[in-house]
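Notes follow the structure.
A short reminder: the numbers here are calculations on the coordinates, not readings from a lab. All figures in this text were calculated on a predicted structure; none of them were measured in a lab. Using ideal geometry, Cβ is built from the backbone for each residue, glycine included, and neighbour counts are taken over all protein chains shown.
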Amino acid sequence: MSARITVIGAGIAGLGTAVALHRAGHDVTVVEQRSDTTTGAGISIWPNALAALDELRLGDEVRGAGGRVTGGAMRWRDGRWLRRPSAQRIVDALGEPLVVVRRSVLTDILREALPAGAVETGVTATGLTIADASVRLTTSDMQIRKSDAVIGADGVNSVVARTFNGALRSRYVGYTAWRGVAAYRLDPALAGETMGAGTEVGHVPLGPDHTYWFATERAPEGSSAPGGDHAYLTTKLASWAEPIPRLVASTDPADLLRNDLFDRAQPERWSRGPAVIVGDAAHPMRPHLGQGGCQGLEDAAILARFVELAPDLTTAFARFGDFRKRRVLPLVRESATIGRIVNLRPSFLSGAASRATALIPERAVTSHLASIAARSAFRLPTAADVAG
């Protein structure tokens, strides 16, 4: 039976969940507090998330919208190889290439799969009242919206997550991240990461003529670079092996994004009655595995399947939380561990740890990567999962 469902948040997880539920025949509305949702640089879509997008019938459109990574290498800042796998390593281990797209392109693809008018922007969720078979959502436009269910895809500061769990502590992790898109054609063999003591730079092709890149470095919370971030990175990375200096030089300073990184406490409860959380609202994670948005897309397809199989929305949402925690929480912990290692102090310790990764056998690395990001790592629930 068709349900009226309100999704709070028009990010990747929210739009993906809305598409999945719309495809399943439900009446879905998305409310988003931002009026401009076009911000963001790039995002890596690993094969597990492509498999989820295939369930939404959008996989091929996303594959055709960006660049592809088939190898994935690691170098030291002077250009020495730390790990130089075969050119088809990702394809062989994960089932297909990693795809890199602009975030705005991905959200446009998801939004266009929804009916006209399904996404309302400039609307902030301020509170919700949960009953046995309905939810009343209060919004900033002074409306009370009654739905059969509410999906909280409202990010790390989720109103829905706080409704279930109370205040959720947030803590600065000690380092900041820059993200940019360079007008630069990257040699496919260099797609991957370049490491330095206390600094990490990732770089992957974003179509034929652009490169998405990011950098992380320990810094005081809320700090800013004298002269601006672009000038700071230009100087800091000037002695690094190419293409790092050229990536910075080929990035419009106005489009360079900087964000301090935070850990937020993981919520014990993911659902209450006909309300549930997905994406960063449920499982925020640091960016080091490239799985934040990917796990949000997995959430979308899997939640829709639970809704299809379960006898009611309350059961579907409860079983969804139990099922997804087993998959997602180990990734949250691993991503945090990688971040701590990359940003060890004193910085020579992080450099030594990064170089030591070259000693791990390639077979072990690819096997572990497959368990996280292969197409086969994405699994839809069955009737047995619904039964608990």
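Going by Cα centres, region 86-148 and region 269-341 are how many Å apart? About 14 Å separates the Cα centre of region 86-148 from the one of region 269-341. Simple spin-label estimate for W81 and D108 gives 3.7 nm between the two label positions (7 Å along the Cα-to-Cβ direction from each Cα). Label separation (N259 vs H368): 2.5 nm, computed from points 7 Å beyond Cα along the C-beta direction.
Dimensions of region 154-256 based on its C-alpha atoms, expressed as ranges along the principal axes with the largest first, amount to 48, 31, 26 Å. Residues I277, I8, arranged from fewest to most other Cβ atoms within 10 angstrom of their Cβ, appear as I8, I277. What is the list of residues in region 359-388 whose amide nitrogen lies under 14 Å from a point 7 angstrom out from the Cα of D54, following Cα to Cβ? Once the point is set 7 Å along Cα→Cβ of D54, 374-380 turn out to lie under 14 Å by backbone N, inside region 359-388.
Inter-part distance, region 211-247 to region 16-55, computed on C-alpha centroids, equals 31 Å.
Taken along the Cα-to-beta-carbon direction at a fixed 7 Å, the label points for R169 and S347 span 3.0 nm.
Applying a length cut-off of 15 Å (Cα extent along the axis) and a mean Kyte-Doolittle floor of 0.5 to the DSSP H helices of the chain leaves 12-23, 292-309.
Antiparallel versus total DSSP beta bridges in the chain: what percent is that, nearest 5? Display every interim value, and only then the final one.
Details: 48 of 67 bridges.
Just about 70 percent of them are antiparallel.
Subtracting the Cα-Cα distance of A358 and D209 from 0.36 nm times their residue separation leaves 50.6 nm of extension gain.
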